[in-house]
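Below you'll find the structure, written out as structure tokens, and then a few comments.
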Amino acid sequence: MQRFRKPQRPAQARRGDPFLFVAPPALRAPALLTPHFVWGYAISALARSVAKNLHRRWPEAAQRKPVHFPTDSFSMNTNLLDKPIVLSLNRAWQVIGHRTVKQALVALNGGGDGLPPALGLDIAYPKLEDGSWNFDRPLFLNPIPWDEWAQLPVRDFDFVVTTPKLRIRVPTVIISTQFNKMPVRVPRLSRQTIFERDAGICQYTGEYVGRSGGNLDHVVPRDRGGRDTFENLVWAKKEINSLKANRLPHEAGLRLLRRPKTPASLPMAATIREAKHPDWRHFLTH
């Protein structure tokens, strides 16, 4: 009976080359080892490499000449590839969501030669006389494929992923070339959704009570058959809620300001409340 021998990895792989992929025996069919298949594994290896080495490179970047770049909304750490700082647009350049850096790099690398699933958006800014950058009015926005993106120069304010062989600018906006729809978010029944629908206003008194001064109230109490639905839940002042107890509104001398209903579905662009990167400001409407 033939003994199973553990396959030996090449010396280059043992030295930690993240772009050398050694396929297991079950995946060594030539049809599977396409460039895009290998790149998927390469990106995962890139994530591990950057996570180990980025904290060593970042102190060097901190010594560069400071620029007026508003990065307070997100912090740099070793998990750069897992940060959701990449805005995703459809073919009509409408916001459809956001992705992590790792997901964006995989999208830029996938697809066929003439039809990549995503293009990186090269956003150029003018440089001022004092050496800083004007991020309010970009010079141009140019969608380019991966082979051109990998050749882009890295500016002093760009985030970068590095390997022993590559130094790639992190994309902040990508365009999905094969998607032209506008996804919507169906509201989920929760305390947060009821608070946002009623804008923090007590639905019995009309007084703004905010989060700390109010809570959920069942118009028809649960012990009287009321259910957890948008039509039976309102935001109410805590004192009013205690006064109402398990009674109906008219039994407690109360009257609703308006009839509660299910919030309308929102396009994904309206659900992004904060720009995770300054480049997003050119596409968000609020």
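Results, tabulated for the structure shown:
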{"quantity": "In region 106-161, the residues that are charged (D, E, K, R) and within 19 Å of the chain's Cα centre (by Cα)", "calculated": "Asp122, Asp158"}
{"quantity": "Residues of region 221-235 satisfying the condition of being out of contact with any helix residue (DSSP H, G or I) (no Cβ under 6 Å at 6 or more places or on another chain) and either part of a helix (DSSP H, G or I) or of a type in the set (A, V, I, L, M) (or both)", "calculated": "Arg222, Asp223, Arg224, Phe230, Glu231, Asn232, Val234"}
{"quantity": "Residue in region 76-95 that is modelled with pLDDT under 85, under 26 Å from Pro267 (Cβ atoms) and in contact with a Lys or Arg (Cβ under 7 Å, 6 or more places away or on another chain) present", "calculated": "no"}
{"quantity": "Selection within region 130-150 - free of Cβ contacts under 8 Å to residues at least 60 places away in the same chain, touching a strand residue (DSSP E or B) at 6+ places or on another chain (Cβ under 9 Å) and either in a loop (DSSP other than H, G, I, E, B) or surrounded by 11 or more Cβ atoms within 10 Å (Cβ to Cβ) (or both)", "calculated": "Asn134, Leu139, Asn142, Pro143, Ile144, Pro145, Trp146, Glu148, Trp149, Ala150"}
{"quantity": "Selection within region 236-280 - among the small types (Gly, Ala, Ser), in a helix (DSSP H, G or I) and either loosely packed, with under 12 Cβ neighbours inside 10 Å or in contact with a strand residue (DSSP E or B) (Cβ under 7 Å, 6 or more places away or on another chain) (or both)", "calculated": "Ser242, Ala269"}
{"quantity": "Test: residue in region 221-228 that is of a type in the set (Gly, Ala, Ser), in contact with a strand residue (DSSP E or B) (Cβ under 9 Å, 6 or more places away or on another chain), surrounded by 13 or more Cβ atoms within 10 Å (Cβ to Cβ) and outside the structural domain of Ser88 (by TED's automatic domain parsing)", "calculated": "yes"}
{"quantity": "Conditions (1) surrounded by fewer than 16 Cβ atoms within 10 Å (Cβ to Cβ); (2) modelled with pLDDT of 85 or more: number failed by Gly120", "calculated": "(1)"}
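The rows are residues; the columns are (1) over 14 Å from Leu243 (Cβ atoms); (2) out of contact with any Leu (no Cβ under 9 Å at 6 or more places or on another chain); (3) modelled with pLDDT under 95.
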site	(1), (2), (3)
Val184	yes, no, yes
Pro187	yes, no, yes
Ser190	yes, yes, yes
Glu196	yes, yes, yes
Ile201	yes, no, no
Tyr204	no, no, no
Arg222	yes, yes, yes
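The values are calculated or read from the model by the stated rules, or taken from the named source; none is laboratory data. Note that the structure is a prediction, hence the values are computed from the model and not measured. Virtual Cβ from ideal backbone geometry, glycine too; neighbours counted across all protein chains shown.
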